[in-house]
Amino acid sequence: MGIRGELFSTKLILPNRSYFLNVKENRIGDLYLNIVESKNKETGGFERQSVIVFADDIPAFLGEFDKSLKALERALRDQKRNREENRGGGERPRRQSGKEGRGETGPKKKRITVRKRGDR
């Protein structure tokens, strides 16, 4: 066993904060994951937040974590789509179905002339 019951430790250092993921064992032999976020305070020093998930709870935790990630991915896609729609200063005209809308909002037709090799 390592320092303070640590079995495994890794860190992710980003510009504004750092994350530490530690697998530990307590005094009575229970295994748990300790997730720590550390960020610099404006007044100096560090602000730390910690979450502990016991090994028995990991499957349920991961199931809910996965649901959260999927919701986050959907929200990011929606944000990206909304930004792209708003770049033009308003809603883009939508293409209408049928012949009535093709003149203004549909694709422009290009006339192609096909000639035989000898014709110029």
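Taken together, the values in this text are just the output of simple stated rules run on the coordinates, not laboratory data. Source: prediction; values computed, not measured. As a convention, Cβ positions derive from the backbone with ideal geometry for all residues, glycine included, and neighbour counts pool all protein chains shown.
Between residue 58 and residue 81, the C-beta separation translates, for a Förster distance of 41 Å, into a calculated FRET efficiency of about 0.75. Against the empirical curve 2.2 N^0.38 Å, the C-alpha radius of gyration of segment 3-75 lands at a ratio of 1.30.
Net length available on complete extension from residue 23 to residue 38 is 3.7 nm, with 0.36 nm assigned per residue and the Cα-Cα distance removed. In plain terms, the residue of 25, 85 with the fewest other Cβ atoms within 10 Å comes first and the most crowded comes last, giving 85, 25. Whole-Hz Karplus values for segment 79-85 come out as 4, 4, 4, 5, 5, 5, 5 Hz, taken residue by residue from phi with 6.51 cos²θ - 1.76 cosθ + 1.60 and θ = phi - 60°; glycine and proline positions read x.
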